[in-house]
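Participant: Before we start, here is the structure in question, set down as structure tokens.
Read-outs throughout are calculated quantities, based only on the coordinates presented, and are distinct from any laboratory measurement. Computed from a prediction, not measured in an experiment: that's the story for all the values here. Using ideal geometry, Cβ is built from the backbone for each residue, glycine included, and neighbour counts are taken over all protein chains shown.
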Amino acid sequence: MISLEKLTKVYGRGDSRTVVLDGLDFSVASGEIFAVVGPSGAGKSTLAHCVNLLERPTSGAVLVNGENLSRLSEKQLRVARRSIGTIFQADGLFSRRTAAANVALPLDYLGATPAETKRRVGELLERVGLSDKASSYPHQLSGGQRQRVGIARALALRPSILLSDEATSGLDPESTASIVDLLKELRDDLDLSILFITHEMDTVLQVADSVARLDHGHIVESGALVDLLRDADSDLGRALRPRRDWEAASGADGIWFVSYEGRHVRPDWVSLLGAELGVPISILGASIERINGVTVGHATLGIGGVDPARVTGALAALGLTATLDDAALRPESDELEDVA
Amino acid sequence: MIAALVPSNATVPIPDIPALVFPALGDTLIMVGIVMAIVIAVGIPLGAIVHNLAPGGLFERAVPYSILSWTVSIGRSLPFLILMASIVPFTRLITGTNIGIAAAVVPMSIAGIAFFTRIVENSLRSVPPSLVNVAKASGASTLQIIRTAQLSEAVPSIIGGITINTIAMIEYSAIAGTIGAGGIGYVAVTYGYQRFDHNVMIATIVILVALVSAVQITGDRLVRLTTPHARDRH
């Protein structure tokens with residue numbers, strides 16, 4: 001379990017004073033993956049550096065399993081860092097060391113015996129599925145494999161906290177998915193608290209239990225991932241699953257934006273809605289998926305000739321929220337040719 | 001002993017050239033060897049210290065950095081001949097003499113250390129700074145960081161620097177030859193230059209070219225051997 005309390009980081013003083021992190025408060029429970037997203041410049045890397053104690057916060061605290069790490073001496077800090085494993089962005093491997101030697105680094109620093117190191121490294125490489133790559137050098141590994149080595153290294157000293165600092169950035173989608181699966185597996189097996197810092201919204205959907213959006217040093221929104229996705233008013237929820245461009249509606253149909261709100265929306269809700277309203281329903285766009293065991297989704301519907309209040313009511317009864325599009329938002333394509 | 005071979009006023013007969021040139025080559029190798037041992041032993045720690053005193057280093061300190069950096073720059077900016085002449089009292093203090101190999105080693109080492117410190121600093125600068133953070137986050141002490149995340153990663157580049165530095169020291173040894181330090185340079189100057197002995201001149205040139213090439217080839221090979229991705233291709 002890791003908690004931040006009013007974590008603040010200020011660079012410079014006087015006129016050049018810049019507040020990079022402004023009173024961040026959140027905690028990541030054991031067995032939880034907490035994602036922090038934000039645009040570049042939001043303070044993500046500073047947050048990462050404050051969490052793994054590469055930088056000291058200006059004020060506030062970082063608590064790992066209840067112990068305040070931000071007030072330790074330089075020497076105690078070195079010991080404390082061992083309770084936090086960090087996975088770095090792709091360039092984090094030592095180019096002149098084999099995969100095994102990279103994984104062994106934290107053990108070497110600690111002064112583990114060669115036999116102990118060898119055994120632990122073998123265990124770790126097996127854990128991340130790279131036993132056959134022990135003697136490969138980083139340049140002989142794919143991006144995904146390099147990140148697996150990074151993960152094995154981060155786990156070498158059996159930390160209870162794992163910090164992933166843009167660990168999947170720059171990986172292809174398949175490698176990202178396999179790294180995400182590995183992290184979830186490790187989270188479950190080792191009961192880790194994982195703080196996953198990224199700028200990639202897609203990856204957040206795959207990995208996170210909870211998510212916070214960092215902007216200009218503030219957490220502007222946070223919550224459980226599925227709650228945010230089912231909240232039609234959540235900016236972060238919308239940013240995570242943006243509504244793509246939709247097909248043009250026919251004739252005078254109104255365009256409705258529908259979102260899953262309830263936990264149990266019936267899969268045949270469109271038929272039920274059509275039967276209830278007694279008019280044809282056009283599906284102009286839709287995206288539905290299961291995330292962390294809950295179905296989330298949104299759809300863009302074309303519905304004509306019904307009182308809007310009836311539509312809203314019928315959808316609400318099915319566990320969906322809806323808003324009627326005002327014409328300004330309609331895509332330009334529904335001008336002429338697609339009436340057919 | 002070299003002088004004994006020299007009949008005044010005459011060129012050295014070709015069969016006698018090896019007896020003149022090879023011992024001189026040996027002197028050069030001893031001189032450059034001793035100097036490079038000192039240069040590496042002092043220059044690597046010094047380069048690492050300068051690099052880490054610099055802004056962004058592990059123990060960033062503006063004033064000590066400026067002082068060290070300026071000292072190194074002064075050492076680098078003096079032409080070797082002038083450096084050598086200007087520190088004669090210091091050389092005599094240390095070695096008790098101002099001629100011969102011992103006397104040449106002092107100014108060569110000073111010039112070599114200044115040169116090599118910059119080379120090491122430059123090599124360390126080319127290592128991705130993110131590795132320092134990786135080492136820190138993995139629980140490394142400052143010395144462990146310097147050893148693993150800086151020097152070890154810079155080994156190929158430092159070996160390249162040692163090659164350049166060794167060749168520069170061979171050149172300096174020739175200049176030191178003019179103050180009677182012996183070696184190939186001394187032979188080239190006294191026979192080839194002062195007596196217009198073309199045969200000796202050509203012999204020294206051939207030996208110097210061969211020596212420098214051998215150093216360069218060895219250095220290049222070592223760089224390849226210590227660079228994992230270069231090793232694959234050969």
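Participant: Quick one: order B:Met36, B:Met169 by neighbouring beta-carbon count within 10 Å, fewest to most.
Facilitator: Numbers: B:Met36 20, B:Met169 27.
Taking fewest neighbouring Cβ atoms as first place, the list is B:Met36, B:Met169.
Participant: Angle between the Cα long axis of helix B:198-226 and the longest principal axis of chain B, 0 to 90 degrees, nearest 10?
Facilitator: Tilt relative to chain B: about 20 degrees.
Participant: Modelling each spin label as a point 7 Å along the Cα-to-Cβ direction, I'd like the A:Ala115/A:Arg290 distance in nm, to one decimal.
Facilitator: That separation, rounded to one decimal, is 4.9 nm.
Participant: Apply the a/c threshold of 1.5 to the C-alpha gyration tensor of the protein assembly as shown and tell me whether it is rounded, prolate or oblate. Working shown, then result.
Facilitator: Numbers: a/c = 3.20, a/b = 2.72, b/c = 1.17.
The shape class here is prolate.
Participant: Continuing with this model, one more query. Taking only DSSP H segments of four or more residues, each worth -39500 (n - 2.57), what value at 222 nm results for chain B once the sum is divided by all its residues, to the nearest 500 deg cm²/dmol? Please report the intermediate quantities before stating the final value.
Facilitator: Working: 10 runs with 166 residues, N = 234.
Mean residue ellipticity at 222 nm (helix-derived): -23500 deg cm²/dmol.
Participant: Let me check against my output: what whole-number percent is the relative contact order of segment A:93-201, with C-alpha pairs under 8 Å and at least 6 apart?
Facilitator: Contact order relative to length: 29 percent.
Participant: GNM on chain A, C-alpha springs below 10 Å: top fluctuator among A:Asp25, A:Asp325, A:Asp165?
Facilitator: For chain A, modelled as a Gaussian network with Cα springs under 10 Å, the answer is A:Asp325.
Participant: Then there's this: Under a point spin-label approximation (7 Å from Cα along Cα-to-Cβ), what is the B:Ser69-B:Ala230 distance to one decimal in nm?
Facilitator: Between B:Ser69 and B:Ala230, the label points sit 2.8 nm apart.
Participant: Here's something else I'd like to know. Relative to the longest principal axis of chain A, what angle (0 to 90°, nearest 10) does the C-alpha long axis of helix A:99-110 take?
Facilitator: 60 degrees
Participant: Then there is this: Rounded, prolate or oblate: which one fits segment A:1-82, using the alpha carbon gyration tensor with axes a ≥ b ≥ c (rounded when a/c is under 1.5, else prolate when a/b beats b/c, else oblate)? Don't skip to the answer; put the middle values down first.
Facilitator: Values: a/c = 1.99, a/b = 1.23, b/c = 1.61.
Oblate, since a/c reaches 1.5 and b/c is not below a/b.
Participant: Right, next: What's the average, rounded to a whole number, of partner chain beta-carbon atoms within 10 Å of each residue's beta-carbon in B:138-150?
Facilitator: 5
Participant: May I ask which of A:Lys133/A:Lys184; A:Lys133/B:Lys136; A:Lys9/A:Lys44 have a Cα-Cα span longer than 18 Å here?
Facilitator: With Cα atoms farther than 18 Å apart: A:Lys133/A:Lys184; A:Lys133/B:Lys136.
Participant: What distance in nm separates the simple spin-label points at A:Ser169 and B:Arg76, each placed 7 Å from Cα in the Cβ direction?
Facilitator: For the pair A:Ser169/B:Arg76, the computed spacing is 3.3 nm.
Participant: Taking only DSSP H segments of four or more residues, each worth -39500 (n - 2.57), what value at 222 nm results for chain A once the sum is divided by all its residues, to the nearest 500 deg cm²/dmol?
Facilitator: -9500 deg cm²/dmol
Participant: Report, as an integer, the average count of C-beta atoms from other chains found within 10 Å of each Cβ along B:124-137.
Facilitator: 5
Participant: Separate question: Let me confirm one metric for peptide A:45-54, namely the mean number of other chain beta-carbon atoms within 10 Å of its residues' beta-carbons.
Facilitator: What the average comes to for A:45-54 is 2.
Participant: Considering only DSSP beta bridges with both partners in the protein assembly as shown, what is the antiparallel share in %, to the nearest 5?
Facilitator: 70 percent
Participant: Now, a different point. Pairs of alpha-carbon atoms within less than 8 angstrom and 6+ residues apart define the contacts here; what relative contact order does segment A:243-339 have, in percent?
Facilitator: Relative CO of segment A:243-339 lands at 42 percent.
Participant: Another question, if that's okay. Could you state the angle between the C-alpha long axis of helix B:100-125 and the longest principal axis of the C-alpha atoms of chain B, as a value from 0 to 90 degrees rounded to the nearest 10?
Facilitator: Here the helix axis deviates by roughly 30 degrees.
Participant: Relative contact order of segment A:2-236, please, whole-number percent, based on alpha carbon pairs below 8 angstrom and at least 6 residues apart.
Facilitator: Taking the mean separation of contacting Cα pairs over the length of segment A:2-236, I get 29 percent.
Participant: Among DSSP beta bridges whose residues both lie in chain A, state the antiparallel percentage, nearest 5.
Facilitator: Close to 70 percent.
Participant: Would you please classify the overall shape of segment B:68-151 from the alpha carbon gyration tensor, given that a ≥ b ≥ c denote the square roots of the eigenvalues, rounded means a/c under 1.5, and beyond that prolate means a/b larger than b/c while oblate covers the rest? Provide the component values of the computation, followed by the final result.
Facilitator: Details: a/c = 4.13, a/b = 2.70, b/c = 1.53.
Judged from the Cα gyration tensor, segment B:68-151 comes out prolate (a/c at least 1.5, a/b above b/c).
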